[in-house]
Amino acid sequence: MENLKELMEILSDPIFSSPIRVGILLALTGIKTITFSELQKNLGINKSTLSVNLKILENNGLIEIKTKFFKDRPREVIVITEKGKKLVEKYLEAILKYKEIIEENNNENIK
Amino acid sequence: MNSKIYENFLEANEIARKIYYLKFKKYIGIIYLIVGAYVPITIAVSVILRTPLPSYVSTYLSAGIFILGLIPVIFLNTKLLELYKIINKLNKIIYKRDIYSIIYNIIMKILIGLVIVSSFLYSMGIDRDLMGIGGDLIVFLIIELWLSYTFFRLKFKISLEDWLAILSPVGLILQIIYPYSVLIFASIWIFSGVVSMVRAYGKP
């Protein structure tokens with residue numbers, strides 16, 4: 001992360017304006033796949049809100065929504081893409097740097 | 001600086017952790033069940049093998065049961081590894097070095113020391129029963145290392161069943177007095193496994 005401008009560009013990405021979307025991306029980075037119903041159950045949000053957020057992530061190429069059959073019943077499975085993983089990496093680096101800058105500023109203000 | 005950015009991150013972290021936790025309970029629940037089942041199965045086999053059988057059959061069977069249990073545990077751990085990686089990154093952002101990290105580091109060092117000492121004693125063992133206890137101790141200490149890493153370092157929520165699983169190997173000393181007391185530990189691990197699975201598949 002070379003400069004503040006680049007840092008703010010990453011963090012100001014509309015993808016990261018919603019904690020739900022960031023939460024989904026972070027979760028998928030750790031667990032790879034999750035079904036729509038599992039995600040809805042864990043997030044405690046309604047279907048339409050979840051669908052809207054998933055659509056945004058899918059349209060940006062960060063996740064893939066696949067239909068798989070379990071015991072002859074279709075289930076929507078959400079998978080993170082390589083692009084999604086890379087973006088999460090960048091985001092976490094940016095947040096870490098961002099926090100360090102805030103702490104440095106706070107320390108300077110105290111002095 | 002926009003503080004909303006960091007607030008969003010913290011909220012997202014909570015959302016992700018809820019999902020990690022349920023997956024984690026599923027994986028750890030299976031591991032508890034496998035470890036719990038290993039002991040009674042081994043005892044059952046050893047009782048059966050009291051009938052005159054060549055000693056090498058007994059050795060191969062014991063080793064076979066151990067490996068059969070070990071394979072799924074290793075497989076589940078590889079799945080947990082991805083989870084551990086991202087949680088470590090999140091913790092690095094959120095937490096400073098705190099009292100839990102210090103406690104964890106002390107516990108890890110003690111456990112690593114115990115594994116080395118008991119491995120040495122195990123290799124030097126002359127009494128077969130003592131060697132058996134030494135072997136069990138090494139297995140349980142390795143599990144303790146992993147559990148302490150998971151709960152203290154990664155800061156997963158520790159439920160009652162996890163505390164029981166973490167503390168149960170302490171009672172292994174009882175094996176010296178009464179060998180079948182190991183079944184108490186097995187029962188605890190099976191109980192922890194069942195409760196973890198109920199939590200994983202139940203309501204969040």
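Please state the shape class of chain A: rounded when a/c is under 1.5, otherwise prolate if a/b exceeds b/c and oblate if not, all from the C-alpha gyration tensor.
Because a/c hits 1.5 or more and a/b exceeds b/c, chain A counts as prolate.
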Estimated FRET transfer efficiency when R0 is 35 angstrom, pair B:I142-B:E14 (beta carbons, to 0.05): 0.65
Exposure proxy order (Cβ contacts within 10 Å, fewest to most) of B:L114, A:L43: B:L114, A:L43
Those residues of the range A:89-111 whose amide nitrogen sits under 16 Å from the label point placed on B:K92, 7 Å along Cα→Cβ: A:89-101
Derived scalar couplings ³J(HN,Hα) [the range B:34-39; Karplus, 6.51 cos²θ - 1.76 cosθ + 1.60; whole Hz; x for Gly, Pro]: 5, 5, x, 6, 4, 5
A:N60 long-range amide H proximity, modeled H, under 5 Å: none
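Strictly over 23 Å apart at the Cα level, which of A:K5/A:K32; A:K66/B:K92; A:K68/B:K85; A:K55/A:K83; B:K79/B:K155; A:K90/B:K85 would you flag in this model?
Flagged as over cut-off: A:K5/A:K32; A:K66/B:K92; A:K68/B:K85.
No value in this document is a laboratory result; all are computed from the given coordinates. Just so we're clear, the structure is a prediction, and the values are computed from it rather than from any experiment. Note that we place each Cβ from the backbone using ideal geometry, even for glycine, and neighbour counts take in every protein chain shown.
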